[in-house]
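Report on one structure; see the data block that follows.
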Number of protein chains: 2
Amino acid sequence: MSDSAPSRPPTMRDVAKAAGVAVSSVSRTLADPETRKVGAETRSKILRAAEELGYSVNLAAANFRRRASGLILMVMPPRHPVIPVVLDVLHGADTVLAEKGYRMVVSNLAKSQEVNKLTVDLAFGGVPDGILVVSGSLPQDRGRSLLRAGVPTVSALYDLSWTGIPSVVTDDRDSASAVAQRLLAAGHRRFAYLSGPEGNYHETERFRGVSAAIAGAGLAGTELVRIEGDFSAASGEAAGRALLGQAERPTAVIACNDTMAIGLMHVLRSGGLRIPQDVSVVGYDGISWGRYVEPALTTVEIPGFEIGKAGADRLLRLMSGEAAPADAMRQAFPGRYLERASAAPPGA
Amino acid sequence: MSDSAPSRPPTMRDVAKAAGVAVSSVSRTLADPETRKVGAETRSKILRAAEELGYSVNLAAANFRRRASGLILMVMPPRHPVIPVVLDVLHGADTVLAEKGYRMVVSNLAKSQEVNKLTVDLAFGGVPDGILVVSGSLPQDRGRSLLRAGVPTVSALYDLSWTGIPSVVTDDRDSASAVAQRLLAAGHRRFAYLSGPEGNYHETERFRGVSAAIAGAGLAGTELVRIEGDFSAASGEAAGRALLGQAERPTAVIACNDTMAIGLMHVLRSGGLRIPQDVSVVGYDGISWGRYVEPALTTVEIPGFEIGKAGADRLLRLMSGEAAPADAMRQAFPGRYLERASAAPPGA
DNA sequence: TTGTACGCGTTATCAT
DNA sequence: ATGATAACGCGTACAA
C-alpha cells in the first residue's frame, strides 16, 4: 500500500504537507489542541494527518527551541540504601511536580569524580529547568558548584539557606532538644548519643540539640557520652556491643536515626538487657517499620512528604520568577515525637 | 571593568570569536578535550577563552543536534512507598548507567491519566535514549503504548518477554515452589498463602509456584488456603487477625512479600501465638530489616541489585544495536532462600 | 485565521 | 589541522 518505510520519523513539515496547511498551524494545534487560534476544520485535518503519519513532536527540538525541558534535577545523597526519608521527600516533590507537568532527573547515586562531573555538566548545560537538592553534599567539578549553574535551586531536608538557597527543612535542633528534655523529665541522667557520620547535617544539628538540652538543664550528675555511628544498622549493632561491655551504662540512648536504633536494640536485647527497663532507646526519622520491631521504637517522625511538597512548591515559584520573601529562605516543619514502647522512665 | 552583563549566556560563536578560531574547532575541542584532531595551541586558546567567558555547552542544543540525550527513562511502579526491591534495581542500574555517562529520568510515580500521558509523551517525543521498565503496569495514553515509542526498551524485575521486550527477572515460580517444598518436607500440611494485589506479576507467579508444589506433592490431607493481601503491612495485619479468629489454623504461611509477613507476625504474636512453633511464616523479597523483627524473618531474597545491573547492561547493548540472542530474551536470576527463625517444622 | 521565514546553538560534512 | 556552512525540527514574530 504505502511506500517504503521512511528512514526518518515524520516532522511537522510532513504533517503540514499531508494536511495541506502551514507548519505554523500544525505547531499551534499540537502545542495546545484546545487552542482557538486555529480553525476547527484546519485543526481536524491536522490531527488526522498527524494520526495517519504516526507523528509525535520531537521534544528535543521543542525543548531546545523553547529553552525549557520540563525536567527537574534531583540531587540525591551518596548513600545506599537510599534513606527512607529521602524517598518520602521525593514522593512529595513528585506529587506537586507531576501535576505541573515536570519530570525528575536523578543525579547518579554513585559519587565518583566522573559522576559528579556528569551532574554538574547537566546543570551547567542548562538542561534542567530547576534543581531540588535532597542531599547534604553538593556535586562539584573542578571548582564548578551546582549552585552556580544559573538554574533555580531549592534545598529540601538540608539547610542550605546560608548559601542563599531557599531551604525547606525540619527543625532538627529543636526536636532533638525536646527529646532530651522529655527523657530528663522522665528521670534519666546518664545519656548516650549515637551519632551519624561526621559532618552530616542532621548529625550536627541533632547532636547540638541534645547537648544543649542536657547542658542547659543544669542538673547535677547529668552526663552525655557520644558513640560514633554512621547511620547503618551495623554501626548500631557495634554501639550495642560496646554498651554491653560497659559497667556503667547510660539509661537512655538517643540515636541519630532509626536504623541504628534498631540495630542497637537488637544487640542490647540479645545481650539480655530489657528495653526500656534497663535502657531506653529513641530513634530519629519515623521509618515505617519502627512499629514492628520489639519493643516498638519511640522516635521523632520527620515529615518528609510535606517537606518534599513544600520544596517543590518553593522551587516552582522560584522558577516562575517569584522573589522569595525573606522569611521564606528557611521554612521549617517540626518533627513529631512518636511515643511508643522503647522509651520510658529509668527502671520502669 | 567588563561591559554590562549579557542577557544571554555565551555561545560557541562567542568563544570562537574570542579565541580567534572557527566554531567547528571549538566544538571539536569541547566535545573531547583529549582529541588530537585539533592542534595543541588552538586547543589551549579555546580552553582559555571558554574559561574566561564562563562558557558551558548548551546541552539542549547538542542533544537536539546529536539525536541523543544521555537520558534513560525509568518506568516506576505506581506503589507507595517504593518497594525496597525496586530501589535495589534502581541502584544496580544506576551503577552501570552512570559509568557510561547516562542519567535516569524517573516516570512520575503518581499514576493519573495525565501523568501517564506525560510519560508516554516523553518517550514518543524521542527524548530518552532508552527505557528501563521496573514496573508491572505500563503507562498508556490514548492507545499509545510505551513499547511502541521506538525507543530501545528492557524490562527488569517483571517479565515482559512475551511482548518482545528483553526481560531480566528472578524466577519467582521456581523459588516459590522451592519454599513450599521445603515446608512440606519439614512436615507442614496446612498452608496459607498471603497474596499480593490481584493481577500483580509477582503475585501471580509466586502463587502458581506454591500451588503447583503443594498440588504436585500428592500428599494426603494437604491443603492451601489463599488470603487476599495487597503488599501493605496493614493487609498483613488484617490477615493475622483473620487467622487468629480461625479454629483450624494453617501451620505455615507463605506471604508474597516481607512487609505483609512482618505485619502478620506482629498480629499473630500479639494474639499469643508463637512463631514458628504455632505458625511458621516465610516472606518474600529479602528486605534488609527482616533480620530485626522477632523472630527474624525467613524469606526469599531477590537479587535486585544484580537484576538492575543486568537490565541496564542489556539495555545498553540493545541501544548500541546489538541484536539479542534468543536465549537472552528472558534472563533469570534465582531467588535465594534465607533461612532465619520464623519458619521451622510444625510444633518444633 | 493562516502562511512565510528566520533563528535557536550545536554537530557534521566538506573543502582547504 | 582548520574553517565555512548546511542541516537538525520546532516556535514565533510578522506579514498577509
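Data overview
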{"read-out": "Unique match (being surrounded by fewer than 16 Cβ atoms within 10 Å (Cβ to Cβ) and not in a strand (DSSP E or B)) among B:ARG274, B:ARG317", "value": "B:ARG274"}
{"read-out": "A:GLY150 more than 14 Å from every other protein chain (Cβ to nearest Cβ) and surrounded by fewer than 20 Cβ atoms within 10 Å (Cβ to Cβ)", "value": "no"}
{"read-out": "Failed item, numbered, when A:ARG36 is tested on (1) part of a loop (DSSP other than H, G, I, E, B); (2) among the basic types (Lys, Arg); (3) within 10 Å of DNA strand C (Cβ to nearest atom); (4) within 14 Å of chain B (Cβ to nearest Cβ)", "value": "(4)"}
{"read-out": "In segment A:182-209, the residues that are of a type in the set (Phe, Trp, Tyr) and either more than 28 Å from the chain's Cα centre (by Cα) or surrounded by fewer than 23 Cβ atoms within 10 Å (Cβ to Cβ) (or both)", "value": "A:PHE191, A:TYR201, A:PHE207"}
{"read-out": "Evaluation of A:LYS45 against (1) within 16 Å of DNA strand D (Cβ to nearest atom); (2) among the basic types (Lys, Arg); (3) more than 12 Å from chain B (Cβ to nearest Cβ) (one fails), failing number", "value": "(1)"}
{"read-out": "Meets criteria (closer than 25 Å to B:SER135 by Cα, under 22 Å from the mean Cα position of the chain (by Cα) and within 14 Å of chain A (Cβ to nearest Cβ)) for B:ALA233", "value": "yes"}
{"read-out": "Residues that are over 19 Å from B:ARG13 (Cα atoms), charged (D, E, K, R) and out of contact with any helix residue (DSSP H, G or I) (no Cβ under 8 Å at 6 or more places or on another chain), drawn from segment B:27-45", "value": "B:GLU34, B:ARG36"}
{"read-out": "Selection count, segment B:111-122, where residues are surrounded by fewer than 16 Cβ atoms within 10 Å (Cβ to Cβ) and in a loop (DSSP other than H, G, I, E, B)", "value": "1"}
{"read-out": "Residue pairs meeting the criteria (Cβ under 8 Å; at least 6 apart or on separate chains; first part of a helix (DSSP H, G or I), in segment B:44-56; second not aliphatic (A, V, I, L, M))", "value": "B:LYS45/B:GLY20; B:ILE46/B:SER25; B:ILE46/B:THR29; B:LEU47/B:THR29; B:LEU47/B:PRO33; B:ALA49/B:TYR55; B:LEU53/B:PRO10; B:LEU53/B:ASP14"}
{"read-out": "Number of the condition not met by A:GLY290 [criteria: (1) within 14 Å of chain B (Cβ to nearest Cβ); (2) at pLDDT below 95]", "value": "(2)"}
{"read-out": "Test: B:ALA261 is in a helix (DSSP H, G or I) and either more than 11 Å from chain A (Cβ to nearest Cβ) or modelled with pLDDT under 95 (or both)", "value": "no"}
{"read-out": "Count of residues meeting criterion [hydroxyl-bearing (Ser, Thr, Tyr) and more than 12 Å from chain B (Cβ to nearest Cβ)] in segment A:264-287", "value": "2"}
{"read-out": "Residue match in segment A:288-301 (condition: polar (S, T, N, Q), without any contact (Cβ under 8 Å) to a residue 60 or more places away in the chain and more than 30 Å from A:GLU99 (Cβ to Cβ))", "value": "yes"}
{"read-out": "Single residue of B:ALA212, B:ALA220, B:ALA239, B:ALA247 found to be surrounded by fewer than 22 Cβ atoms within 10 Å (Cβ to Cβ) and in a helix (DSSP H, G or I)", "value": "B:ALA212"}
{"read-out": "Residue that is surrounded by the fewest Cβ atoms within 10 Å (Cβ to Cβ), among those in segment B:277-309 that are part of a helix (DSSP H, G or I) and touching a Gly at 6+ places or on another chain (Cβ under 8 Å)", "value": "B:GLU306"}
{"read-out": "Positions within segment A:135-155 being among the hydrophobic types (A, V, I, L, M, F, W, C) and out of contact with any Gly (no Cβ under 6 Å at 6 or more places or on another chain), in sequence order", "value": "A:LEU138, A:LEU146, A:LEU147, A:ALA149, A:VAL151"}
{"read-out": "Any hit, segment B:166-181, residues being surrounded by 20 or more Cβ atoms within 10 Å (Cβ to Cβ), closer than 16 Å to A:VAL105 by Cα, touching a residue at least 40 places away in the same chain (Cβ under 8 Å) and under 20 Å from the mean Cα position of the chain (by Cα)", "value": "no"}
{"read-out": "Counted residues, segment B:73-128 - those being among the aliphatic types (A, V, I, L, M) and at the interface with chain A (Cβ under 7 Å from one of its Cβ atoms)", "value": "12"}
{"read-out": "Answer residue from segment A:59-72, given it is surrounded by 19 or more Cβ atoms within 10 Å (Cβ to Cβ) and in a loop (DSSP other than H, G, I, E, B) and is farthest from the other protein chains (Cβ to nearest Cβ) among those", "value": "A:GLY70"}
{"read-out": "Residues of segment B:15-55 satisfying the condition of being buried (at least 16 other Cβ atoms within 10 Å of the Cβ) and of a type in the set (Gly, Ala, Ser)", "value": "B:ALA16, B:ALA18, B:ALA19, B:SER25, B:SER27, B:ALA49, B:ALA50"}
{"read-out": "Every pair of residues 6+ apart whose Cβ atoms lie under 7 Å, when the first sits in segment A:15-28 and is in a helix (DSSP H, G or I) while the second is within 6 Å of DNA strand C (Cβ to nearest atom) and not β-branched (Val, Ile, Thr)", "value": "A:ALA16/A:ALA22; A:ARG28/A:LYS37"}
{"read-out": "Scan of segment B:58-115 for residues that are within 16 Å of DNA strand C (Cβ to nearest atom) and touching a residue at least 60 places away in the same chain (Cβ under 8 Å), ordered by number", "value": "B:ALA68, B:SER69"}
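Rundown of residues vs (1) out of contact with any Cys (no Cβ under 7 Å at 6 or more places or on another chain); (2) near DNA strand D (Cβ under 7 Å from one of its atoms); (3) at pLDDT below 95, yes/no style:
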site: B:THR11; (1), (2), (3): yes, no, no
site: B:VAL26; (1), (2), (3): yes, no, no
site: B:ASP32; (1), (2), (3): yes, no, yes
site: B:GLU41; (1), (2), (3): yes, yes, yes
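Every residue, every condition in (1) of a type in the set (A, V, I, L, M); (2) away from DNA strand D (no atom under 16 Å from the Cβ); (3) modelled with pLDDT under 95, yes or no:
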residue	(1), (2), (3)
A:GLY54	no, no, yes
A:VAL75	yes, yes, no
A:LEU90	yes, yes, no
A:LEU97	yes, yes, no
A:ARG103	no, yes, no
A:ASP129	no, no, no
A:LEU132	yes, yes, no
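The values are calculated or read from the model by the stated rules, or taken from the named source; none is laboratory data. Just so we're clear, the structure is a prediction, and the values are computed from it rather than from any experiment. As a convention, Cβ positions derive from the backbone with ideal geometry for all residues, glycine included, and neighbour counts pool all protein chains shown.
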